[in-house]
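Take a look at the structure below.
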Amino acid sequence: MKAADDTLRRVFGHPEFRPGQRQVVERILAGESALAVFPTGGGKSLCYQLPALLMEGMTLVVSPLIALMKDQIDFLVGKGVKAARMDSSLTAEESRQVWDDLWQGRLKLLYVAPERFASERFLQRLRRAKLSLMVIDEAHCISEWGHNFRPDYMKLAEMSKQLQVERVLCLTATATPSVAADIRAAFNISDAAYVNTGFYRPNLTLYVTPCGEQERDGLLLERLKTRPRGATIVYVTLQKTAVQVADFLEASGIPAKAYHAGLDAGLRHEIQDGFMSDPEGVVVATIAFGMGIDKADIRYVYHLNPPKSLENYMQETGRAGRDGQPAICELLFCGEDVATLENFSYGDTPSLSSVEGMVRDLMKEGERFNLSMYTLSARHDIRLLVISTMLTYLELDGILASTGPLYNEYKFQPQRPPAAIFKKFDAARARFLENLFHQARKGSVWYTLDIGEAVTSLGESRERMVAALNYLEEQGDLTLKVAGLRHGYRFLKRPEDPMALAKTLHERFRESEARDIARIRQVMALAATPECIVRKVLSYFGEELTEDCGHCDRCLGVARTRKLRGELRGELRGEMRAKGKGLTEAEMRIVQKWVDTKHPALREPRQLARFFCGITSPASSKARLTKEPDFGGLAHRGFAEVARAAAACFQTSEGR
């Protein structure tokens, strides 16, 4: 640790470690895997950047945040550290430089997204590197109990073993006790290597204000005008809401910018950079804003729409006051927003018949096969993420084993005459390359090679062909592009009852849906509680305060309208005002009209409910149903209610 202390001062410019950092760094340097649960802005990145400089080999950082990658790489390169990222935004020349640095062992840190492990070229090259440390940012995504479960993350534990990584560091700002247990079990992390610095932020004042839909914008404007100016994030659920609210604030004399994932990348960077440099900037944004942004002086975080979970609430409010100075976080809670949040959860759950159809397709395959997730998604009207999750479940259940990602099509552009390339090799290798080039279709600039056809025609292994093309790219002899991503699998065992398996898979998605709905209800409970807000949130994360915080609005005695709070409590008992009364006769006629059309993309109640609640699906998007006037026409009703009405209309249609 003497070398670590010296590096901390000399390279990073810090006189001492922040809470928890020393314990994590000690464990990593001792060769152990570790889990660090630090609040937003708690200094997680230093826990791997510093050890990376002291260890032999390379540190591989897995993060879903491209903005975070860019910022950290700029910082490290400025300190003379050889760091890089591999993502789709790189030019061909930049990618070649990264591969060359990896090949030559010059890289100390390489940042990648979890989806990068779906590239056979990436894995082939990575296996040649000495990996001293693998870092998994946003590690809560590993756990099914986490609020942002992602199937690509579930495979990282096995991937770390295949790559023979010496140690793993998992990082997150939001882990409940059950999620932390999942992470530790996946990576065999000991009690001593689990470092949780706590979630309590005494400089944050939390307000949760129940309000009506019509008064919400006015309340926000009042807050912005009457409170001292300061950097402000206003979080909303929908992209169109971000634009509407930003326009409203601008018209009311508050300079504000809308930020969401639908904006051009250049404009997003411009808005982000402007916010970073403005001590009084106001951004109205979806959750696409804020991840990885290192701005310490955010004074206000408002939720104009409720977050979808207490984890999201903790993460988003945690962006305020990271400089330790007082900051205010206020949730303007409107009960009418709940249906919109719930619809996001309902949208991912496939119908039982869709799951059964996919399982039937899999059962037709041979012992080894490959498939296109895009094709399965379109054929069975299941979202792509859900297809990926389903296949991951089958891997974890021991039914399938992944044989790796692969591409159908390789395109290459020679950087010198092919004859000059062949001359560099002995006769046998030159003949192999000549055959490979002849197998490809030559265009005006690019050669296009169907790998599957080449394997059959030439009688050579796929692995040898891919390795040869990768090598030629590394040597600067050609530029490569790949297309037609497929995923290879083999059966470990075939289920005795495929339809029983389909029902089990479907039930897992229903359970996940129920957990998401329960998380939304926990946010509602927070809005309705008369108790200390801080204690209630911290208790959810397994942290207990011995007494009330003394600085949330409940503790401060700020008056709340009893009527609104009572209505929220009623909603918690399932008595939501917009629900339970059933659709009107006019609404039922519209639903029946669409049932009677027998549209192929709306064959089941769940598909129809998605349509009326404004939730896209592969089938509805392909059929351009999102352009229909009725699309989203019943979003205010809530998914479960519309689905029941749709089922009744289908019964009526069948009975005719």
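The values are calculated or read from the model by the stated rules, or taken from the named source; none is laboratory data. Here the structure is a predicted model, which means the values were calculated and not measured. Here the Cβ positions follow ideal geometry from the backbone for every residue, glycine too, while neighbour counts run over all protein chains shown.
Can you find even one residue in segment 298-312 that is small (Gly, Ala, Ser), crowded, with 22+ Cβ neighbours inside 10 Å, closer than 15 Å to Gly230 by Cα and at pLDDT 90 or above? Checking segment 298-312: not a single residue is small (Gly, Ala, Ser), crowded, with 22+ Cβ neighbours inside 10 Å, closer than 15 Å to Gly230 by Cα and at pLDDT 90 or above.
If you go through segment 131-139 one residue at a time, do you hit one that is part of a helix (DSSP H, G or I) and more than 24 Å from Met314 (Cβ to Cβ)? Within segment 131-139 (the criterion being part of a helix (DSSP H, G or I) and more than 24 Å from Met314 (Cβ to Cβ)), the answer is no, since none of the residues qualifies. Looking only at residues of segment 221-262 that are in contact (Cβ under 8 Å) with a residue 24 or more places away in the chain and of a type in the set (S, T, N, Q), we find that the one that is surrounded by the most Cβ atoms within 10 Å (Cβ to Cβ) is Thr232.
Which one of the conditions (1) under 23 Å from Gln522 (Cα atoms); (2) part of a helix (DSSP H, G or I); (3) touching a helix residue (DSSP H, G or I) at 6+ places or on another chain (Cβ under 6 Å) does Asp182 fail to meet, given that it meets all the rest? Asp182 satisfies every listed condition except (3). Of the residues making up segment 311-330, none is of a type in the set (Val, Ile, Thr), part of a loop (DSSP other than H, G, I, E, B) and closer than 26 Å to Asp71 by Cβ.
Filtering segment 157-173 to residues that are within 30 Å of Gln522 (Cα to Cα) and surrounded by fewer than 24 Cβ atoms within 10 Å (Cβ to Cβ) leaves only Ala173.
What do you reckon, is Leu110 touching a Cys at 6+ places or on another chain (Cβ under 7 Å), crowded, with 19+ Cβ neighbours inside 10 Å, modelled with pLDDT of 90 or more and not in a loop (DSSP other than H, G, I, E, B)? It is false that Leu110 is touching a Cys at 6+ places or on another chain (Cβ under 7 Å), crowded, with 19+ Cβ neighbours inside 10 Å, modelled with pLDDT of 90 or more and not in a loop (DSSP other than H, G, I, E, B).
Just checking, does segment 411-423 include any residue being within 18 Å of Ala483 (Cβ to Cβ) and under 33 Å from the mean Cα position of the chain (by Cα)? Yes, segment 411-423 has at least one match.
Taken together, the criteria exclude Lys108 from residues that are touching a residue at least 60 places away in the same chain (Cβ under 8 Å), assigned by TED's automatic domain parsing to the domain that holds Asp74 and of a type in the set (Lys, Arg). Answer yes or no: is there a residue in segment 485-494 that is touching an Asp or Glu at 6+ places or on another chain (Cβ under 8 Å), surrounded by fewer than 20 Cβ atoms within 10 Å (Cβ to Cβ), in contact (Cβ under 8 Å) with a residue 12 or more places away in the chain and more than 30 Å from Lys308 (Cα to Cα). Yes, there is a match, as at least one residue in segment 485-494 is touching an Asp or Glu at 6+ places or on another chain (Cβ under 8 Å), surrounded by fewer than 20 Cβ atoms within 10 Å (Cβ to Cβ), in contact (Cβ under 8 Å) with a residue 12 or more places away in the chain and more than 30 Å from Lys308 (Cα to Cα).
Here Glu342, Glu316 are screened, and the one residue that is acidic (Asp, Glu), under 30 Å from Cys552 (Cα atoms) and either crowded, with 23+ Cβ neighbours inside 10 Å or in the same structural domain as Gly230 (by TED's automatic domain parsing) (or both) is Glu316. So in segment 284-297, with the set limited to residues that are under 23 Å from the mean Cα position of the chain (by Cα) and over 30 Å from Ala518 (Cβ atoms), which one is modelled with the lowest pLDDT? This residue is Asp294. In segment 10-44, the qualifying residues are those that are without any contact (Cβ under 8 Å) to a residue 40 or more places away in the chain and under 26 Å from Tyr313 (Cβ atoms), and the one that is nearest to the chain's Cα centre (by Cα) is Gly43. For residues that are of a type in the set (Ser, Thr, Tyr) and in a strand (DSSP E or B), scanning just segment 424-453, find the one that is surrounded by the most Cβ atoms within 10 Å (Cβ to Cβ). Top of the filtered list is Tyr447.
Counting only helices (runs of 4 or more DSSP H) that fall entirely inside segment 454-563 and contain at least 1 residues that are modelled with pLDDT of 90 or more and under 27 Å from the mean Cα position of the chain (by Cα), the qualifying elements are 498-528, 533-540.
This table checks each residue for (1) surrounded by 14 or more Cβ atoms within 10 Å (Cβ to Cβ); (2) under 28 Å from Ala527 (Cα atoms); (3) modelled with pLDDT under 90.
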| site | (1), (2), (3) |
| --- | --- |
| Arg573 | no, yes, yes |
| Lys581 | no, yes, yes |
| Met588 | yes, no, no |
| Lys598 | no, no, no |
| Lys622 | no, no, no |
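Scanning segment 1-36 for residues that are surrounded by fewer than 16 Cβ atoms within 10 Å (Cβ to Cβ), aliphatic (A, V, I, L, M) and touching a Lys or Arg at 6+ places or on another chain (Cβ under 8 Å) yields Met1, Val11.
Here is a check on your reading of the model: is Phe149 of a type in the set (Phe, Trp, Tyr) and over 20 Å from the mean Cα position of the chain (by Cα)? Taking the combined requirement at face value, the residue does not satisfy it.
Residues of segment 590-647 that are hydrophobic (A, V, I, L, M, F, W, C) and free of Cβ contacts under 8 Å to residues at least 24 places away in the same chain: Leu602, Phe611, Phe631.
When segment 290-324 is filtered for residues that are touching a Leu at 6+ places or on another chain (Cβ under 7 Å) and of a type in the set (Gly, Ala, Ser), the ones remaining, listed by number, are Gly292, Ala320, Gly321. Of the helices (runs of 4 or more DSSP H) that lie entirely inside segment 354-423, not one contains 2 or more residues that are crowded, with 16+ Cβ neighbours inside 10 Å and in the same structural domain as Pro605 (by TED's automatic domain parsing). Against the test of being of a type in the set (Ser, Thr, Tyr) and touching a residue at least 60 places away in the same chain (Cβ under 8 Å), the options Thr479, Thr448 yield a single qualifying residue, Thr479. Consider Arg121 carefully, then state whether it is surrounded by fewer than 16 Cβ atoms within 10 Å (Cβ to Cβ), basic (Lys, Arg) and modelled with pLDDT under 85. No; evaluated as a whole, the condition is false for this residue.
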